[in-house]
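Structure first, then comments.
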Amino acid sequence: MAADITNSALEAVVAAVAPGASVVDLCAMGDRMIEEKTSAVYNKGPKGKIEKGIAFPTCISINEVVGHFSPLTGESVVIQDGDVVKIDLGTHLDGFVATGAHTVVAGGAPATGRKADVILAAHTAAEAALRLLQPGNKNTQITEAIQKIADAYRCQPVEGVLSHQTKRHIIDGNRCIINKQTLEQKVDDFEFELNEAYGIDIVISTGEGKTREREARTTVYKRAVENNYNLKMKASRQFFSQVNAKFPTLPFTIRAIDDEKIGRMGVVECLKHDLLHPYPVLYENNGEFVAQFKFTVLLLPGGTTKITGLPLTQQLTSEHKVEDPEVLSLLQKSTNKRKQKKNRKKKAAAAGGDKDEEEEEKQES
């Protein structure tokens, strides 16, 4: 159900992206929709007391802005015709997280050139990642596929982006897939296993793939649960009390604090004493475009299941395409569980064995 809410909110915000739209209004719309839909479920019986709401606040990042842009009132920007717009948000019910992100070109016109290149690269890489998320495969296979696809479209994966295993109340588990591996940025190799969940985040740039902070205010934070400190300022204590009550483990935006002024003041002392993890607004070089697709996936006995993410419907035309035979073969694999099951039955029948087929029927019943 958290996935359904994420998809509904993401679809609504994507539909509202248009020239002249205010980013802060769209962010508030996404957050409000998640809050309203989660408040309407699990209100009776023992589950009525569960924690629920926003798992990741709505962020809308335009063109060379890589991510985490969720501005305060008075610090917004207006979307222009032709902007490459990334929408990123997430929902949780009882601590179980479902996140999603999508990229669209404002105005709805067909996109060509570098805008089409980067969106197609990111979307194709996301499709490849989905097909590689199988028990026994390694995280490095996904990183390698992302790089091959980005190269095909003359783009670069953005450095520093991680896709994490998710667990209850944990949006950034220890097992992770790196978007681009460098000498300085690496993660441990591991094999995927059954009954795991991952938030897959694919971010591709037309530029170098290197990020930097600029003047935009950081507004998204997460409680650093491993640290504690007796805050001195009254505003800091008020702010931190709300964080602990409303967002004890998952990211939030300062806009969600009752008094935004208290939030702006209180966050300073909290950061000074390492009580929060910031999600800074990151940028590529001016004139570049960045695309993002994010989805939540479950590795289940019946097959890998993608539970969030929207289809790519905007018309995009690129002069580039994937030509690597291994990647093309991967992309041709179906992600439809029924088709996968039918293919396995055909193979089993060709081998003259029905036992595996019977076991699979029991698993899915």
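See the values below:
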{"quantity": "Distance from segment 230-281 to segment 95-155 (C-alpha centre basis), Å", "calculated": "33"}
{"quantity": "Whether segment 168-245 is rounded, prolate or oblate, judged on the alpha carbon gyration tensor where a/c under 1.5 counts as rounded", "calculated": "oblate"}
{"quantity": "Exceeding the 27 Å Cα-Cα cut-off - candidates Lys115/Lys294; Lys49/Lys294; Lys52/Lys232; Lys52/Lys138; Lys148/Lys333; Lys86/Lys148", "calculated": "Lys49/Lys294; Lys52/Lys232; Lys52/Lys138"}
{"quantity": "Computed Kirkwood radius, in angstrom, where 1/r is averaged over Cα pairs of segment 204-263", "calculated": "13.6"}
{"quantity": "Reference-scaled alpha-carbon Rg (2.2 N^0.38 Å with N residues) for segment 20-147", "calculated": "1.28"}
{"quantity": "GluC sites (Glu not before Pro) within segment 173-247: DSSP coil, no more than 13 neighbouring Cβ in 10 Å", "calculated": "Glu184, Glu193, Glu208, Glu215, Glu226"}
{"quantity": "Kirkwood Rh, Cα atoms: Rg over Rh of segment 102-238", "calculated": "1.05"}
{"quantity": "Karplus-derived 3J(HN,Hα), 6.51/-1.76/1.60, for each residue of segment 169-175, Hz, glycine and proline x", "calculated": "6, 10, 8, 10, x, 5, 6"}
{"quantity": "Segment 251-345, Rg to Rh (Cα coordinates; Rh as Kirkwood inverse mean 1/r)", "calculated": "1.14"}
{"quantity": "Met33 accessible area, assembled protein chains, probe 1.4 Å, Å²", "calculated": "40"}
{"quantity": "CD proxy at 222 nm, helix term only [per DSSP H run n ≥ 4: -39500 (n - 2.57); per residue of the chain; nearest 500]", "calculated": "-11000 deg cm²/dmol"}
{"quantity": "Candidates Ala106, Ala245, Ala145: whichever shows maximal mean-square fluctuation once the chain is modelled as a Gaussian network with Cα springs under 10 Å", "calculated": "Ala245"}
{"quantity": "Among Thr305, Thr99, Thr182, residue whose mean-square fluctuation peaks in a GNM of the chain (springs only between Cα atoms under 10 Å)", "calculated": "Thr182"}
{"quantity": "Neighbour-limited loop hits for GluC sites (Glu not before Pro), segment 268-339 (at most 15 other Cβ within 10 Å; DSSP other than H, G, I, E, B)", "calculated": "Glu319, Glu323"}
{"quantity": "Contour excess over end-to-end distance, with Cα ends at Gln80 and Tyr229 and 0.36 nm allotted per residue", "calculated": "49.3 nm"}
{"quantity": "Calculated SAXS-style log₁₀ I(q)/I(0) at q = 0.08, 0.09, 0.13, 0.15 Å⁻¹ - the chain, Debye, Cα scatterers", "calculated": "-0.41, -0.52, -1.07, -1.37"}
{"quantity": "Largest to smallest principal axis extent of the C-alpha atoms in segment 175-298, angstrom", "calculated": "45, 42, 26"}
{"quantity": "Cα Rg over Rh - segment 232-285, Kirkwood", "calculated": "1.00"}
{"quantity": "For segment 124-192, the fraction of alpha-carbon pairs in successive 5 Å shells from zero, as %", "calculated": "3, 17, 27, 26, 17, 7, 2, 0"}
{"quantity": "Amide H contacts of Leu276 (H built 1.01 Å from N, under 5 Å, at least 5 apart or other chain)", "calculated": "Ala224"}
{"quantity": "Candidates Val225, Val158, Val281: whichever shows maximal mean-square fluctuation once the chain is modelled as a Gaussian network with Cα springs under 10 Å", "calculated": "Val225"}
{"quantity": "Loop sites in segment 60-137: GluC sites (Glu not before Pro), DSSP, at most 14 other Cβ within 10 Å", "calculated": "Glu75"}
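The values are calculated or read from the model by the stated rules, or taken from the named source; none is laboratory data. Model, not experiment: these values are computed from the prediction. Methodologically, a virtual Cβ is constructed for each residue, glycine included, from the backbone with ideal geometry; neighbour enumeration extends over all protein chains shown. Accessible surface areas use protein heavy atoms only, side chains included; no ligands, DNA or RNA. Shrake-Rupley method; radii C 1.70, N 1.55, O 1.52, S 1.80 Å.
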